[in-house]
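These notes concern the structure reproduced below.
Here, each number is a calculation from the coordinates, and none is a lab measurement. Since the structure is predicted, the reported quantities are computational estimates derived from the model, not experimental observations. Here the Cβ is made from the backbone with ideal geometry for all residues, glycine too, and neighbour counts use every protein chain on show.
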Amino acid sequence: DGGSNCCDWASAADAEVHLRHVALELTRLDADVVNLAEAEDCVVLRKLLALLPEGHGYVPYLAFGADTYLGQNVGLLTRVDPELALSRSAESAAYPVANTACPSTAAGSSGCTKHYVTRLPALAGLPGPLMLAGVHLLSNPSDGARCLKREAQATVVADELDRVAGGANALPTV
């Protein structure tokens, strides 16, 4: 299953089938940290957890965003407790960003309505804590105007990562 129409449900029953598919994939993957880019709300996260095998160990977190069009949020399922509460920036960034890769000359600003930033404790094999960002950028990156807005969104998230990390992390430029 999958593809661009995988989430167009005709009924609540179709949505439940999709949730069961997601639970099967999570069970198969057995990841310690999972970002869910299009989580509806805490009720759906709890339904998803109820479909997983007993003892899965996941704790759900949800960053309520500002997506007024689809009502989507960004969720986190983790077996590793975050050291910080999930944060989300309401800031905007100007576009085009320096060294843009987008095929457009439009100018404006954009925020990122669906994201969170947090910090996980140092894990085996890592030299220190892990900064984590769960992000859902605008779709259609090949569209010039949306490409510019996606770069601005990525800038907002990078700035929030830097703020939460206390400026201690070297972040890639967008």
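Quick one: which residues, 5 or more positions from Glu38 or on another chain, have an amide H under 5 Å from its amide H? H modelled 1.01 Å from N in the peptide plane, none for Pro or chain starts. Long-range HN contacts for Glu38: Gly75. Once the Cα-Cα distance is subtracted from the 0.36 nm per residue extended length, the Ala31 to Val80 segment shows a gain of 16.6 nm. Note on the chain: GNM, Cα springs under 10 Å; of Ser110, Ser142, Ser89, the largest mean-square fluctuation is that of Ser142. Rounded to the nearest whole Hz, the Karplus-based 3J(HN,Hα) values (6.51 cos²θ - 1.76 cosθ + 1.60, θ = phi - 60°) of segment 88-95 follow the sequence 9, 8, 9, 6, 10, 10, 6, 10, with x at glycine and proline.
For segment 55-174, the share of alpha carbon pairs falling in successive 5 Å distance bins from zero is 2, 11, 19, 21, 18, 13, 9, 4, 1, 0, 0 percent.
When the P(r) is computed for segment 105-145, the part past 12 Å accounts for 71% of the Cα-Cα pairs. Given +1 at the Cβ of Lys and Arg, -1 at the Cβ of Asp and Glu and no other charges, the dipole of segment 35-154 around its Cα centre is 80 debye to the nearest 20. The gain in end-to-end length when the Thr105 to Asp143 segment is fully stretched comes to 12.5 nm, 0.36 nm per residue minus the alpha carbon separation. Sum up the charges of everything whose Cβ sits under 14 Å from the Cβ of Gly65, counting Lys and Arg as +1 and Asp and Glu as -1, but leave Gly65 out. Taking every Cβ under 14 Å from that of Gly65, the sum is -4.
Residues whose amide H comes within less than 5 Å of that of Ser109, counting only those at least five positions distant or on another chain, are Tyr95 (H built at 1.01 Å from N in the peptide plane). Here the Karplus curve 6.51 cos²θ - 1.76 cosθ + 1.60, taken at θ = phi - 60°, turns the phi angles of segment 10-26 into couplings of 7, 7, 4, 4, 5, 5, 5, 4, 4, 4, 5, 4, 4, 4, 5, 5, 4 Hz, with x standing for Gly and Pro. Rounded to the nearest Hz, the phi-derived 3J(HN,Hα) couplings of segment 50-59 under the Karplus curve 6.51 cos²θ - 1.76 cosθ + 1.60 (θ = phi - 60°) are 5, 8, 7, x, 4, x, 4, x, 7, 10, where x marks glycine and proline. Could you work out which residue, out of Ala101, Ala37, Ala90, moves most in a Gaussian network model of the chain, that is, has the largest mean-square fluctuation with Cα springs under 10 Å? Taking springs between Cα atoms under 10 Å, the residue moving most is Ala101. Per the Cα gyration tensor, segment 63-131 maps to an equivalent ellipsoid with semi-axes of 30, 18, 10 Å, ordered largest to smallest. In this Cβ point-charge picture (+1 for Lys and Arg, -1 for Asp and Glu), segment 1-99 has a dipole of about 100 debye about its Cα centre.
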